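A.B. asks: I'd like to ask some things about the structure below.
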Amino acid sequence: MSVAKNLAAGRILEDQLFPYPLMREKDREVLGAMVDAIDQFLSPKHQDFKQWDRDAAQPAEFIQGLRDLGLFGLIIPEEHGGLGLSNAGYARVLAQSSSHDSSVSLTIGAHSSIGMKGILLFGTPEQKSRYLPKLASGEMIAAFCLTESGAGSDAASIRTQAVQNTDGSWTLNGEKIWITNGGIADLYTVFARTGSASGKITAFIVEAKWPGVSHGHHEDKMGIRASSTTTVNFADVRIPAENVLDAEGKGFKVAMAILNNGRTGLGGGAVGGMKVLLAMSAAQAQQRKQFNTPIAQFGLIREKISQMTVDCFAAESVVWMVAHYIDSGVEDYSLEAAISKVFASEALQRSAYEALQIAAGSGFMRDFPYEQITRDCRILSIFEGTNEVLRLYIALSALKDLGKSYGELKAAVDDIFNHPIKGFGVMTDYAERRLTQATGVGRDKLSTALPAALREAAVVYERYTVELSKACDFLLRKYGKSIADRQHALKRVADIAIDLFVGLCVLSRAASLAKTPGVESDQASVIAKTFAQQAKRRMANNIRRIERNEDEEMDGLARFIMDKGSYPWDVI
Ligand SMILES: Cc1cc2nc3c(=O)[nH]c(=O)nc-3n(C[C@H](O)[C@H](O)[C@H](O)COP(=O)(O)OP(=O)(O)OC[C@H]3O[C@@H](n4cnc5c(N)ncnc54)[C@H](O)[C@@H]3O)c2cc1C
């Protein structure tokens with residue numbers, strides 16, 4: 001039962017949101033020691049990170065240090081030599097490493113979140129025992145090879161091809177681009193077409209040392225410059241039959257499952273970045289004086305720091321809620337994972353912008369860390385699914401189940417005389433939803449169960465869950481299947497779903513903190529109330545603009561500029 005999909009149907013699945021989940025005891029023990037060890041190892045290297053950013057390189061001795069700390073075995077089960085952390089524990093480690101340097105997190109994250117995740121999720125016992133111990137120790141570093149020059153967001157259009165030989169082995173040919181850890185990896189999870197050039201996609205485990213495997217030069221990037229990004233080439237590479245991951249033809253499913261499962265690592269890293277920006281901004285605002293006054297006393301500076309705090313708390317709340325869903329075996333969490341990635345990446349980018357603005361001229365200077373963080377975090381809305389594509393995914397997945405009920409509704413009307421009970425059931429479901437939308441009867445009453453300070457916030461989510469379901473019904477009735485081409489409308493649906501799901505995670509966390517003494521719970525309630533009010537304004541605007549907007553005009557304007565090829569006006 002996906003919480004976010006249910007929001008689109010007008011339902012808040014309280015049981016899956018409250019109480020806010022706790023970190024496993026076993027993870028807490030490992031994390032205590034791990035977080036200290038990371039700080040001890042990375043703190044003295046801040047000058048090095050700056051240099052490595054300029055040099056665009058991470059020295060081999062440093063990567064050895066990451067191995068020695070056990071950072072390549074974080075999520076690998078103990079029986080295979082890893083630390084066996086949950087997703088929640090893993091995301092917390094990446095938050096810690098990101099508070100020092102994003103490239104470090106990327107080296108560790110690309111290995112665990114996507115590089116070898118396929119073996120964890122889909123590997124046979126033999127594949128696991130062959131590779132996981134080496135991946136856990138870092139003797140093998142992993143990378144994930146999906147993107148090609150012609151296949152970015154449209155990952156299903158890859159052209160790398162594997163042809164099966166008579167002995168069952170495969171011969172792989174193609175080139176992948178922008179592969180994180182491409183230049184340092186010993187093992188690649190590679191996606192290729194099999195059968196024919198237009199055949200289905202299959203996932204393979206490929207070792208870097210095999211004949212025909214090579215990689216290009218280290219890409220000269222805007223940010224995360226020290227992290228290795230290269231092309232990876234496969235020229236007549238022979239892959240043994242036993243290195244197919246999952247089954248032949250199931251590669252697209254494997255790729256999507258890996259990306260969905262890996263999103264909390266990225267989210268955890270984003271939260272770590274936001275925490276360090278907040279600490280820097282708080283110090284800077286108090287130290288810097290202008291007009292004989294610490295700038296911390298100016299409302300416009302305090303507004304930035306408080307907004308960064310709200311964003312950080314919200315991102316943390318949603319990332320660890322999703323990590324908990326994954327850890328507790330929820331099967332359908334892809335929509336919530338996409339929401340957490342979109343929200344956390346954009347929250348960090350907003351925070352980086354504002355932190356640099358607080359530091360102003362100093363923020364612009366390379367002596368200070370703001371500019372590097374601003375460059376480093378820009379990638380987060382681009383890779384592991386661009387935020388545009390993920391917004392479309394969020395909206396379309398939410399609408400899909402409702403659309404099905406429309407399909408069923410039509411069939412039910414046709415069917416009602418043949419199968420009255422079945423038909424009646426479907427009609428009842430639909431009628432109930434409409435009744436709730438119109439009158440509030442049967443609407444979930446989340447607000448009554450919460451501490452008084454949070455009830456007003458809960459009412460916002462109760463109301464806008466119904467508004468979202470009305471908007472979805474309206475769009476489906478108006479556009480039917482062609483809703484898939486209405487991207488402006490889909491973005492609004494996604495943004496409402498993001499505000500609702502993130503807001504409910506914030507509410508849940510604030511409610512749990514309210515019951516725990518000594519955790520600044522009053523301030524957490526202030527954050528929950530503030531987020532709800534801000535979300536309400538955004539959601540109201542999005543709802544209004546579903547029917548009244550200038551989408552046609554904006555589309556026309558974009559077409560006009562593209563036809564012209566440039567901006568046609570001047571003041572001369
Ligand atoms: C530093 C870095 C590291 C990377 N690491 C890896 C890695 O380890 N492994 C790997 O496989 N890949 C990796 N990638 C690739 C990354 O996942 C892709 O860049 C990403 O999927 C987007 O593809 P693209 O850049 O080709 O953009 P495109 O797909 O060409 O998109 C261009 C623009 O169009 C938008 N767009 C695309 N389709 C639609 C649509 N249907 N509707 C509306 N808008 C749309 C996009 O959001 C974007 O704004 C990495 C990329 C970078 C830059």
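A.B. asks: Order these peptides, 153-159, 377-383, 321-327, by their mean beta-carbon neighbour count within 10 angstrom, highest first.
C.D. replies: Working: 153-159: 15.1, 377-383: 20.0, 321-327: 24.6.
Answer by packing, highest mean first, reads 321-327, 377-383, 153-159.
A.B. asks: Convex hull over the Cα atoms of region 441-572, averaged projected area in nm²?
C.D. replies: Numbers: hull surface 49.6 nm².
Seen from a random direction, the Cα hull of region 441-572 projects 12.4 nm² on average.
A.B. asks: Sort 33-46, 487-500 for me by packing, meaning the mean count of neighbouring Cβ atoms within 10 Å per residue, highest on top. Please list the in-between numbers first.
C.D. replies: On the way: 33-46: 14.6, 487-500: 22.9.
Sorting 33-46, 487-500 by mean packing, highest first, produces 487-500, 33-46.
A.B. asks: So how strong a dipole does region 251-315 carry about its Cα centre when Lys and Arg Cβ are +1 and Asp and Glu Cβ are -1, to the nearest 20 debye? Write down the numbers at each step before the final one.
C.D. replies: Working: 7 positive and 2 negative charges, 15 e Å.
Dipole magnitude for region 251-315 comes out near 80 debye.
A.B. asks: Rounded to the nearest 0.05, what FRET efficiency is calculated for residue 130 and residue 33 with R0 set to 30 Å and r the Cβ-Cβ distance? Write out the running numbers ahead of the final one.
C.D. replies: Working: r = 29 Å, r/R0 = 0.98.
The formula returns an efficiency of 0.55 here.
A.B. asks: Same structure again: Rounded to the nearest 20 debye, what is the charge dipole size of the chain about its Cα centre when +1 sits on each Lys and Arg Cβ and -1 on each Asp and Glu Cβ? Let's see the in-between values first.
C.D. replies: Working: 64 positive and 67 negative charges, 264 e Å.
Rounded to the nearest 20 debye, it is 1260 debye.
A.B. asks: What is the ratio of the Cα radius of gyration of region 1-117 to 2.2 N^0.38 Å, where N is its residue count, to two decimals?
C.D. replies: Working: Rg = 17.5 Å, N = 117, 2.2 N^0.38 = 13.4 Å.
In units of the 2.2 N^0.38 Å rule of thumb, it is 1.30.
A.B. asks: Does region 443-502 come out rounded, prolate or oblate by the C-alpha gyration tensor, with a ≥ b ≥ c the root eigenvalues, rounded set by a/c under 1.5 and, if not, prolate when a/b is larger than b/c and oblate if not? Don't jump to the answer; show the numbers that get you there.
C.D. replies: Working: a/c = 4.84, a/b = 2.49, b/c = 1.95.
Since a/c reaches 1.5 and a/b is larger than b/c, the shape of region 443-502 is classed as prolate.
A.B. asks: Per residue, how much accessible surface does the chain expose to a 1.4 Å probe? Answer in Å², no decimals. If you can, show how the numbers build up before the last one.
C.D. replies: Numbers: 26060 Å² over 572 residues.
I get 46 Å² per residue for the chain.
A.B. asks: Let's see if you can work this out: charge +1 on each Lys and Arg Cβ, -1 on each Asp and Glu Cβ, no other charges. What is the dipole magnitude of region 198-349 about its Cα centre, in debye to the nearest 20? Write out the running numbers ahead of the final one.
C.D. replies: Details: 14 positive and 15 negative charges, 140 e Å.
Here the size comes out at about 680 debye.
A.B. asks: For the chain, what does the relative contact order come out to in percent, with C-alpha contacts under 8 Å and a separation of six or more? Walk me through the intermediate numbers first.
C.D. replies: On the way: 942 pairs, mean separation 91.1, N = 572.
Normalised by residue count, the contact order of the chain is 16 percent.
A.B. asks: Using only Cα atoms, figure out Rg for region 109-267 and give it as a multiple of 2.2 N^0.38 Å.
C.D. replies: Working: Rg = 14.4 Å, N = 159, 2.2 N^0.38 = 15.1 Å.
Normalised Cα radius of gyration, region 109-267: 0.95.
A.B. asks: Okay, next question. Determine the gain in length on full extension of the stretch residue 550-residue 566; use 0.36 nm per residue of separation and subtract their C-alpha separation, reporting nm with one decimal. Don't skip to the end; give the middle numbers.
C.D. replies: Numbers: separation 16, 0.36 × 16 = 5.76 nm, distance 2.19 nm.
Extra length from residue 550 to residue 566 when fully extended: 3.6 nm.
A.B. asks: Hey, what did region 111-256 get for relative contact order, percent, Cα under 8 Å, at least 6 apart?
C.D. replies: Values: 326 pairs, mean separation 39.0, N = 146.
For region 111-256, the relative contact order is 27 percent.
A.B. asks: Going toward the positive end of the dipole of the chain, with +1 on Lys and Arg Cβ and -1 on Asp and Glu Cβ, which of 228, 474, 217 do you reach last?
C.D. replies: In the chain, that residue is 474.
A.B. asks: Let me ask you something else. Considering the dipole of the chain built from charges on the beta carbon (Lys and Arg +1, Asp and Glu -1) around the Cα centre, which of 135, 494, 262 is farthest to its positive end?
C.D. replies: 494
A.B. asks: Excluding ligands and nucleic acids, what accessible area in Å² is computed for residue 207 using a 1.4 Å probe, to the nearest 10?
C.D. replies: Approximately 20 Å² of residue 207 is accessible to the 1.4 Å probe.
A.B. asks: For region 483-561, what relative contact order do you get, as a whole percent, if you take Cα pairs closer than 8 Å and at least 6 residues apart?
C.D. replies: Values: 36 pairs, mean separation 27.4, N = 79.
The value is 35 percent.
A.B. asks: For the chain, take every pair of Cα atoms, bin their distances at 20 Å starting from 0, and report each bin as a whole percent.
C.D. replies: Percent of pairs per bin, in order: 19, 50, 28, 2, 0.
The values are calculated or read from the model by the stated rules, or taken from the named source; none is laboratory data. The shown structure was predicted, so the numbers you read here are calculated from the model rather than taken from an experiment. Don't worry about glycine lacking a Cβ; one is built from the backbone with ideal geometry, like all the others, and counts go over all protein chains shown. Please note that ligands, DNA and RNA were not included when accessible areas were found on the heavy atoms of the full protein model with its side chains. Shrake-Rupley method; radii C 1.70, N 1.55, O 1.52, S 1.80 Å.
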